[in-house]
Structures are given as C-alpha cells and as structure tokens.
Amino acid sequence: MSLHAIVYVSDARDLLRPADLDRLLADATAFNRVAGVTGVLMFDGRRFLQFLEGPDDGIASVYPRIANARSHSGLHLLCEGTIARRAFPRWTMGTRQIDAEVLSQIIDSPWSGFAGPPAPASDGFMRLLQAWTGADGELEPPAVALGS
Ligand SMILES: Cc1cc2nc3c(=O)[nH]c(=O)nc-3n(C[C@H](O)[C@H](O)[C@H](O)COP(=O)(O)O)c2cc1C
C-alpha cells in the first residue's frame, strides 16, 4: 500500500488553553497510533502547521477528524501526495512550538511536493524538516509539549 502525506496550516481557536491542547494531542496521538499515522504538529501560538503521513486509509480516517475539529478553523492545504518513505516514523504526533516568522516562511515557500525519489524535496518541505530538526540537525529531538 502506498504512503500518503498531507501538510496544512490553520488558525487556532481563540482562548485555546494549554489543557485543551493537551487533550487534543492525547486524543490525536491515540487515534494516529491505531491508524498508522505519524507526523508533526507545530504551533506558533496562533496558527497550527501539521504534517501527516501514513497509509492511504489511515490518512483518510484521520483527516476528517482534523477538518471537523472546533479547536481551529480556516484549514488551508499546502501540499498532499504520495511519499516514498516516512519522514517521522517514530512520531505518532510530535509537537513543537515554533516562531511565527519561521512558520510564515514554511507557509510562503514553494510546495511542489515532498521528497522523491525521483523528485527533489520542495523548499517548503525542506524548511519544515529544518524547523523540526533545528540547527544541530538532530533528526528526532525529544517532543516538546505544546500545552502544559
Ligand atoms: C490542530 C489539530 C490537529 C489535530 N491532529 C489530529 C491528528 O493528528 N489525528 C487525529 O486523529 N486527530 C487530530 N485532531 C483532532 C483532535 O484529536 C480532536 O478529535 C479534536 O480536536 C476534537 O476536539 P475539538 O472539536 O474540541 O477540537 C487534530 C485537531 C486539531 C485542532
């Protein structure tokens, strides 16, 4: 079965409390584990940027949950398509708080696709990976809780 990936940006609901985020993430992680979905969720205090990857049916079961969540609105799909292999195989949903400026750069970058082969990784995807790994290039840093 082929692997599918999606990346989108959305606006967090006003007055989203740390406890709400904790609950959301616990729920998302539990569901993703069963669906075989991995990825990362970045948050700048106002906007979410989420990258999801997994089997077609896993993504198909998770995405409507995200689209229907009241904790955010204005979902805007940046890119979707098939991927050759997972970029975040160990993260049922890694989370990280990032700078608004960095998040804007990721959004504004060209999103022509994900890493090949044969296609090279798009600028947007490269920036997303960079924002996650940090300057030291560590591939999978410890998760930083978005909530409490
Ligand atoms: C930014 C965001 C990311 C989410 N990511 C996932 C996810 O990766 N997997 C999943 O099953 N649900 C995900 N969800 C859905 C939540 O787990 C939860 O079902 C949803 O937020 C329901 O609560 P709400 O309507 O009060 O937001 C996400 C929701 C939001 C807002």
TODO: Go through segment 99-114 and count every residue that is within 16 Å of the ligand (Cβ to nearest atom) and buried (at least 19 other Cβ atoms within 10 Å of the Cβ).
DONE: 2
TODO: With the condition kept exactly as written, say whether any residue in segment 37-50 is touching an Asp or Glu at 6+ places or on another chain (Cβ under 6 Å) and either away from the ligand (no atom under 12 Å from the Cβ) or not charged (D, E, K, R) (or both).
DONE: yes
Open item on the list: I'd like the residue in segment 1-21 that is within 11 Å of the ligand (Cβ to nearest atom) and not in a strand (DSSP E or B) and, out of all such residues, is surrounded by the fewest Cβ atoms within 10 Å (Cβ to Cβ).
Closed with: ARG13
Task: The one condition in (1) of a type in the set (A, V, I, L, M, F, W, C); (2) within 22 Å of GLY124 (Cβ to Cβ); (3) more than 10 Å from the ligand (Cβ to nearest atom) that VAL62 fails to fulfil - done: (3)
Open item on the list: Given the criterion part of a helix (DSSP H, G or I), within 10 Å of the ligand (Cβ to nearest atom), among the aliphatic types (A, V, I, L, M) and within 27 Å of MET1 (Cβ to Cβ), identify the matching residue among LEU75, LEU25.
Closed with: LEU25
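Read-outs: derived from the displayed coordinates by stated rules, not from any lab. Since the model is a prediction, treat every value here as computed from it, not as a measurement. No Cβ is skipped: glycine too gets one built from the backbone with ideal geometry, and neighbour counts run over all protein chains shown.
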